[in-house]
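J.: Below you'll find the structure I mean.
Nothing in this text is a laboratory measurement; each read-out follows from the coordinates by a stated rule. The shown structure was predicted, so the numbers you read here are calculated from the model rather than taken from an experiment. Neighbour counts are summed over all protein chains in view; Cβ atoms, including those assigned to glycine, are modelled from backbone coordinates with ideal geometry.
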Amino acid sequence: MQTKVMDASSPEAIELAARLFAEGQLVGFPTETVYGLGANALDREAVLSIFAAKGRPADNPLIVHIWHRDQLEGLCEMPEGAEKLMDAFWPGPLTMLFPRTERIPDEVTAGLPTVAIRMPSLPCTQRLLKTSGLPIAAPSANRSGRPSPTTAAHVAEDMDGRIPLILDGGPCQVGLESTVLDLTHGTPTILRPGGITKEMIESALGTQVALAGSILRPLKPDEKALSPGMRYRHYAPRGTVTLIEGEEEKVLEALRKSCMGDRDAGRKSCVLCFTEHLQTLSDCDPHDLGSRGNDAEVAHRLFDILRRVDEEGMETIYSEVVPAEGVGLAVMNRLGRAAAFRTVRV
Ligand code: AMP
Ligand code: MG
């Protein structure tokens with residue numbers, strides 16, 4: 001199959017994408033978080049072809065994307081607190097779980113009684129969803145196990161020849177996947193941290209919000225994943241990632257020593273560091289995570305860097321860390337999983 005790449009701001013591209021959705025085909029499209037691989041959420045066959053194109057395990061459910069709240073009618077029920085959070089954060093990078101109706105095929109939710117729904121804020125995504133008129137099921141547009149795509153070029157790397165169309169909307173503003181929040185089991189619980197933080201949700205709800213246990217550590221062998229995606233090795237480059245945390249000077253020294261030691265042993269090695277440390281680590285092939293303290297910038301860059309180190313054939317990658325607070329929690333969740341939670345304290 002020939003994969004066409006079109007500018008997401010062109011009306012012809014939006015018309016074509018909407019037509020492809022109506023025909024049960026797949027389209028790669030930008031959102032403010034990462035690029036999605038979409039299909040008509042009400043078309044079982046189309047949804048199955050998402051899993052095939054990604055190589056995604058069938059028990060990992062998809063997020064349904066809408067542009068207008070009226071589309072919720074008939075698809076799901078409204079858990080307590082959902083309206084408040086929609087008022088505060090939709091459109092935007094917050095996905096919520098809703099008790100679902102029979103209209104949502106089992107394939108979308110992996111048989112779960114809830115469906116994950118969000119309303120993206122990127123204007124061209126809204127135009128696409130509005131023109132199509134359909135609820136669009138879309139996971140991230142990467143091959144399963146690869147970092148989520150944050151540019152149209154990333155989508156093409158993974159999906160060229162597998163889907164008919166990719167809409168190019170430039171680099172994604174947030175760069176990490178949406179926050180996933182469960183309001184259906186008592187205490188509101190963040191299953192996956194993202195751009196809408198725990199603090200933001202707590203202030204909108206006026207109540208405490210819990211974090212799923214496995215956000216900053218691996219699942220235990222007998223632990224049930226609240227969010228099925230947590231079971232899988234995600235965001236992982238082919239090389240071995242190690243996180244180094246501690247006092248600044250010691251971290252810099254450990255980064256250099258680890259990288260140089262590996263090179264002496266014949267391994268291709270590099271470091272991921274803040275902009276302020278590029279100079280100090282200039283002999284360690286430093287990859288720029290963004291400014292220290294600007295977690296949104298680190299979020300925006302992270303997946304592209306993880307893809308680049310793969311392209312460069314890096315065998316070992318040593319990285320600085322950010323505090324696991326605010327957007328930093330989402331960064332550390334993704335970086336932690338890329339590193340299989342291998343962390344060295346210095
Ligand atoms: P992706 O769109 O690739 O970022 O993946 C969506 C993620 O949302 C999945 O991996 C799940 O972890 C989570 N998710 C989607 N639907 C549900 C659901 N009904 N219950 C719990 N988690 C869900
Ligand atoms: Mg994904």
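J.: What shape does the stretch 196-301 have by the C-alpha gyration tensor, where a ≥ b ≥ c are the square roots of the eigenvalues, rounded means a/c under 1.5, and otherwise prolate means a/b greater than b/c and oblate the rest?
T.: Oblate, since a/c reaches 1.5 and b/c is not below a/b.
J.: For the Cα atoms of the chain, what angle does the longest principal axis make with the long axis of helix 295-311, in degrees from 0 to 90, nearest 10?
T.: 80
J.: Checking the table Lys54/Lys84; Lys198/Lys250; Lys54/Lys268; Lys84/Lys220; Lys4/Lys54; Lys198/Lys224 against a 27 Å threshold on Cα-Cα, which pairs fail?
T.: Long pairs (Cα-Cα over 27 Å): Lys54/Lys84; Lys198/Lys250; Lys54/Lys268; Lys84/Lys220.
J.: Arg342 label point, 7 Å along Cα→Cβ, cut-off 15 Å on backbone N: hits in the stretch 259-280?
T.: Within reach of a label on Arg342: 259-263, 265-272.
J.: Sort the following peptides by mean Cβ neighbour count (other Cβ atoms within 10 Å, averaged over residues), highest first: 199-212, 262-275.
T.: 262-275, 199-212
J.: Additional query: Could you pull out every residue, at least 5 positions away or on a different chain, whose amide H is within less than 5 Å of the one on Arg292? Hs are placed 1.01 Å off N in the peptide plane, and Pro or chain starts have none.
T.: Close amide H contacts, sequence-distant or interchain: Thr275, Glu276.
J.: Quick one: dipole size for the stretch 29-161, taken about the Cα centre, charges +1 on Lys/Arg Cβ and -1 on Asp/Glu Cβ, in debye to the nearest 20.
T.: The calculated dipole for the stretch 29-161 is roughly 260 debye.
J.: For the chain, what is the charge dipole size about the Cα centre, in debye to the nearest 20, if Lys and Arg each add +1 at the Cβ and Asp and Glu each add -1 at the Cβ?
T.: Dipole about the Cα centre, nearest 20: 720 debye.
J.: How much length is gained on full extension from Arg308 to Asp283, taking 0.36 nm per residue of separation minus their Cα-Cα distance?
T.: 7.2 nm
J.: Could you pull out every residue, at least 5 positions away or on a different chain, whose amide H is within less than 5 Å of the one on Val271? Hs are placed 1.01 Å off N in the peptide plane, and Pro or chain starts have none.
T.: Amide H neighbours of Val271, under 5 Å, 5+ apart: His287, Tyr318.
J.: Additional query: Which shape class applies to the stretch 25-133: rounded if a/c is under 1.5, otherwise prolate when a/b exceeds b/c and oblate if not, where a ≥ b ≥ c are the square roots of the Cα gyration tensor eigenvalues?
T.: oblate
J.: If you take the alpha carbon radius of gyration of the chain and divide it by 2.2 N^0.38 Å, what ratio comes out, to two decimals?
T.: So the Cα radius of gyration is 0.99 times the expected 2.2 N^0.38 Å.
J.: If you take the charge dipole of the chain about its Cα centre, with +1 on Lys and Arg Cβ and -1 on Asp and Glu Cβ, which of Ser291, Ala339, Phe29 is farthest toward its positive end?
T.: Among Ser291, Ala339, Phe29, the one farthest towards the positive end of the dipole of the chain is Ala339.
J.: So how do 169-178, 291-300 stack up, highest first, on mean other-Cβ count within 10 Å?
T.: 169-178, 291-300
J.: Going by amide H atoms built from the backbone, whose H comes under 5 Å of the H on Ile166, apart from near neighbours?
T.: Under 5 Å from the amide H of Ile166 lie the amide H atoms of Lys4, Val5, Met6, Gly28, each far enough along the sequence or on another chain.
J.: Under the Karplus relation 6.51 cos²θ - 1.76 cosθ + 1.60, θ = phi - 60°, what is the ordered set of whole-Hz ³J(HN,Hα) values for the stretch 34-41, x standing for Gly and Pro?
T.: Karplus-based 3J(HN,Hα) across the stretch 34-41 equals 9, 6, x, 10, x, 8, 4, 5 Hz.
J.: Got a sec to turn the phi values of the stretch 250-255 into Karplus ³J(HN,Hα) couplings, 6.51 cos²θ - 1.76 cosθ + 1.60 with θ = phi - 60°, whole Hz, x for Gly and Pro?
T.: Coupling constants for the stretch 250-255: 5, 5, 4, 5, 5, 4 Hz.
J.: Once phi is turned into ³J(HN,Hα) by the Karplus curve 6.51 cos²θ - 1.76 cosθ + 1.60 with θ = phi - 60°, what whole-Hz value does each residue of the stretch 281-292 show in order, with x for glycine and proline?
T.: Karplus values, whole Hz, x for Gly and Pro: 9, 4, 8, 10, 6, x, 10, 7, 6, x, 6, 4.
J.: Here's something else I'd like to know. Relative to the Cα centre, what is the charge dipole magnitude of the stretch 195-255, using +1 at the beta carbon of each Lys and Arg, -1 at the beta carbon of each Asp and Glu, and rounding to the nearest 20 debye?
T.: 540
J.: Here is a follow-up. Mind checking the angle between helix 11-22 and the chain's longest principal axis? C-alpha axes, 0 to 90 degrees, to the nearest 10.
T.: The angle comes out near 70 degrees.
J.: With no other cysteine's Cβ closer than 4.7 Å, which Cys residues of the chain count as lacking a disulfide-compatible partner?
T.: Singleton cysteines: Cys76, Cys124, Cys172, Cys270, Cys273.
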